[in-house]
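Worksheet for the structure shown next.
Read-outs throughout are calculated quantities, based only on the coordinates presented, and are distinct from any laboratory measurement. All figures in this text were calculated on a predicted structure; none of them were measured in a lab. FYI the Cβ positions are ideal-geometry reconstructions off the backbone, even for glycines, and counts take in every protein chain you see.
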C-alpha cells in the first residue's frame, strides 16, 4: 500500500511539475466516481497549485533523498579511502598497530582487532584476496559489502576455522573460469567494500606481533596475475569517488552525476524499483522540475539530513543500548541505511558481532570523568568468540588519554580477576582500585568532570542468550 501511495504521489507531482493543468490530476483522482462531478463534492476549497506542487515535491523528495543518501555516503567513504588515506582502488589499507589516545583514525576505534579496509572495482576483472592460514584459534572475519550497502558475505573463523582461503570477488555478468580451489563470491555491483578484522591482545606485545604477521600476509591481486589468458571485463568503471561533492550533504547536489553513478553500479532488487519511481523527480535524472517544485525539493534535503542524524540505531534496556540485529540487513529501510552510512558504519551480521553501549549510570545520569563506577556481572557475556569493554570520550568518540595507556577490559586481559562464583567486578575511575588484585579489572578514566563517558561492550560470536537479551549487563553503579 505504501509503495502504491508513493507511486501515485510521484505521478501527481510530476504532472504538476510539467506545468500541466490541475484538472488532469483531478480527473485521475476522481476516476471511478460514476456520474459525480467535482461540484457535487461540496464546498471544498481548491488546494493552491503552487502549495500542492511544493508539498508533493517535499514529500517525494524526502523519500528520494533518503533512498539515495546511503549510496552517496558509501561513495564518500570510497573517496576518503583514496584521497584522505592515500590508498588505491584494489589495494589494502592495513592498520597494523592497536589504536592509542593519540590516534584519530576513525570513531570509537576498536582495540580488539587489527583492521584491513579496501574498495574494489571489479569492472575489468575479478580480484583475488588471499587469507593466510590462521591455526592458533585466533578470531578473524572479512566482510564484503556492495555499493548499495548490502552485505555480500562474511568469510570468517565460523566458516573456515583454519583460514588459508583464496577468495575471488566477481563482478556482475563476469563469466570466466577461476583457478581450482578459489572461493567465488559474486557481487551484484562492481564496487565492493572490504572490512577485515584479525583479533589481537593489545596488552601483550608478542600477540601483537603475531597478529601483525597475519595482517601482513593478507594480499590482493587481479585474476590476470594467476592465469595465462587475459580476462575480458566491462568498459564501465565501478569507482565513483570523483563524481561527488563531499560538501553536498544537506543539498540537492548529492544528485550531481546521478545518472553516471547509477550506470557504474546499477541498483538492483528493491533499489531498482525505487530508482524507477524517483526517475522523474530527481534533478538531472529526468525532466527538469519547475522552480516551485525545486523549492520543495531543497527544503526536504535539509530536513531529511536532520532526520538521518537523529534516527536511533539501537534499542534500550537498563540504560544500555544494543544495536538491533536487523541493522546488518538495512535494505528494508532507506532511513536506517542512510543513518548507518552517515556514521561510516559497516555493521557486521548478528552471527559475527553485536555492540552494547551506555553513557548512563544506575541513576540514569550521565557518566563523567572525575567519578568512580563499578559494574557487577553475574557472569561474563556468553559468547562463542570473545568480549571486551572499551571507554571513549562521548563528544569526540575517541579514546581518553591516561597515564596507564589502558583503554579496555576483555576476556583476554592478563590477570582478569573473577569472583569465586564466576561473577565479575569491573571498574572505571581516574585512580586504580585500592585492592591491587582488581587493577586488571579497571579502565582508567579522566579527572575532568566535563568529559562525558561512553562505554562500548563488543560481543563477538554472540549466543542466542545475548541476541534475545536473556543475558544483559546491569547498570554501572556510581561509588
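For this structure, a couple of remarks:
- Footprinting exposure proxy for 468, 240 (fewest neighbouring C-beta atoms within 10 Å first): 468, 240
- Mean-position separation - Cα centroids, the range 341-389 and the range 400-479, in angstrom: 9
- Antiparallel DSSP beta bridges within the range 90-225, percent to nearest 5: 90
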